[in-house]
Amino acid sequence: MFTDKVAIVTGGGSGFGQAMSELYAKKGAKVVVSDISEDGGQKTVEAIRQAGGDAYFVKSDVSKPEECENLVQETIRKYGRLNIAFNNAGIGGANALIGDYPVDKWDQIIAVNLSSVFYCMHYEIPEMLKSGGGVIVNMSSILGQVGFAGSCGYVAAKHGVVGLTKNVALEYGNKGIRANAVGPGFVDTHLTHDLMTDKKEYDFLVEKHPMGRLGKVEEIVDLVLWLSSDRASFCNGAYYPVDGGYLAK
């Protein structure tokens, strides 16, 4: 499916990023795994290599534009081109009402969850154009469409990711670049567990999904895989929820 394609995955050391890195590689892509955690990123690369795939790790703090630029430059140096980008890195952020939300925590989550997507695309898109086009999948959230009390930073950032994604479609759709955003509901990952301190909070999140459970990582990455492929060639500038019915309420 992705033979001779080169893909960047940010936040590739765990969760969706790890699963997607391994899935891209399984389908034939050469994968550049980026993460702020060297240990997590290297483990993902090692798993890919042990399975017979081709992967390379670049340690990156994607909240810093110079490190996003370096990530793309290292990808070109290693593999010579860029065809696919899964801009996935993110954090949960602080939990507080807007009037109490720490300003430094606001700045942090906007940098990691929103500015990073702009920085990455700012450097990814010119290289994709050199290759005749490419595909970008940005990780948003159900909270890219609705609010969630206590999570203003996360909500604002994920709404912003959807807006950026739409602009890529408008600006580069006629130049061979597609961009779409994926909006998971609450999924059983370390990021979700960071939000929960006891079973009551877990049950609270479960009850928000009409299907009566949290999502699974593989249910999200299968959609990312499809959007990254030629089978989704007419999908551009859209937001795709995978939410167990959360947004249907």
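The values are calculated or read from the model by the stated rules, or taken from the named source; none is laboratory data. The structure presented is a predicted model; accordingly, all values stated were derived computationally and were not measured. All Cβ positions, even for glycine, are placed from backbone atoms using ideal geometry, and neighbour counts span all protein chains on display. Areas reflect the complete protein model, heavy atoms only, side chains present, ligands, DNA and RNA absent. Shrake-Rupley method; radii C 1.70, N 1.55, O 1.52, S 1.80 Å.
Calculate, for the chain, the solvent-accessible area per residue in square angstrom, rolling a 1.4 angstrom probe over the heavy atoms of the protein chains.
Numbers: 11410 Å² over 249 residues.
Solvent-accessible surface per residue comes out at 46 Å².
Just reorder ASP230, ASP203, ASP107 by solvent-accessible area, largest first, 1.4 Å probe, all chains present.
Reading off the accessible areas and sorting them downward yields ASP230, ASP107, ASP203.
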* Structure fact -> Interchain or sequence-distant (5+) residues whose placed amide H lies within less than 5 Å of the amide H of ILE36 are GLY11, SER60
* Rg to Rh quotient for region 1-160, alpha carbon positions, Kirkwood Rh -> 1.00
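Find the Rg to Rh ratio for region 126-243, where Rh is the Kirkwood radius over alpha-carbon pairs and Rg uses the same atoms.
Details: Rg = 15.9 Å, Rh = 15.3 Å.
When Rh is taken as the Kirkwood radius, the ratio is 1.04.
Throw me the Rg/Rh for region 73-197, computed over C-alpha atoms with Kirkwood Rh, two decimals.
Using only Cα positions, Rg/Rh for region 73-197 is 1.03.
Heavy atoms only, probe 1.4 Å: what % of the accessible area of the chain goes to carbon and sulfur, would you let me know? Can you show the working numbers first?
Values: 5920 of 11410 Å².
For the chain, the apolar C and S fraction of the accessible surface comes to 52 percent.
Relative contact order for region 5-54: what is it in percent, counting Cα pairs under 8 Å that are at least 6 residues apart?
Values: 87 pairs, mean separation 20.7, N = 50.
For region 5-54, the relative contact order is 41 percent.
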* **From phi via Karplus (6.51, -1.76, 1.60), per-residue ³J(HN,Hα) for region 127-133 in Hz, x at Gly/Pro** => 6, 5, 4, 5, 8, x, x
* How high is the FRET efficiency between ASP188 and TRP226 when r is their beta carbon distance and R₀ equals 25 Å, given to the nearest 0.05? -> 0.75
* Output the relative contact order of the chain, whole-number percent, from Cα pairs under 8 angstrom with separation of 6+ residues. => 18
* Which residues' amide hydrogens lie under 5 Å from the amide hydrogen of VAL242, considering only partners 5 or more residues apart or on another chain, with H built in the peptide plane? -> GLY183, GLY185
* Asked: Which entries in LYS5/LYS78; LYS5/LYS26; LYS105/LYS158; LYS30/LYS130; LYS105/LYS216; LYS30/LYS78 show an alpha-carbon gap greater than 21 Å?
  -> LYS105/LYS216
* To do: Could you run the Karplus curve 6.51 cos²θ - 1.76 cosθ + 1.60 with θ = phi - 60° over region 227-243 and give me ³J(HN,Hα) per residue in whole Hz, x for Gly and Pro?
  => 5, 7, 9, 5, 5, 9, 5, 9, 9, 7, x, 10, 10, 10, x, 10, 9
* Asked: Under a 5 Å amide H to amide H cut-off, with H placed in plane at 1.01 Å, what residues pair with GLY134 once short-range neighbours are removed?
  -> ILE177, ARG178
* Full extension from ASP39 to ALA51: what is 0.36 nm times the residue separation minus their Cα-Cα distance, to one decimal in nm? -> 2.5 nm
* To do: Step through the residues of region 115-123 one at a time and calculate ³J(HN,Hα) from phi using the Karplus curve (6.51 cos²θ - 1.76 cosθ + 1.60, θ = phi - 60°), rounding each to whole Hz and writing x for Gly and Pro.
  => 4, 4, 5, 4, 4, 4, 5, 4, 9
* Count charges around LYS166 for me, please; just the other residues with Cβ under 14 Å from its Cβ, Lys/Arg as +1, Asp/Glu as -1. => +1
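Could you order the peptides 47-59, 3-15 from most to least packed, using the average number of other C-beta atoms within 10 Å per residue?
3-15, 47-59
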* **Residue among SER63, VAL6, GLY92 farthest towards the positive dipole end of the chain, charges placed on Cβ** => VAL6
* Structure fact -> If each K or R counts +1 and each D or E counts -1, the residues other than HIS209 whose Cβ falls under 15 Å of its Cβ total -2
* For GLU201 and PHE148, what does the FRET efficiency come to when R0 = 22 Å and r is the distance between their Cβ atoms, rounded to the nearest 0.05? -> 0.95
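Mind ranking 162-171, 121-130 by how tightly packed they are, going by the mean number of other C-beta atoms within 10 angstrom, highest first?
Those peptides, ordered most packed to least, come out 121-130, 162-171.
Please give the charge dipole size of the chain, origin at the Cα centre, charges +1 on K and R Cβ atoms and -1 on D and E Cβ atoms. Round to the nearest 20 debye. Spell out each step's value before the answer.
On the way: 24 positive and 29 negative charges, 154 e Å.
Dipole of the chain, to the nearest 20 debye: 740 debye.
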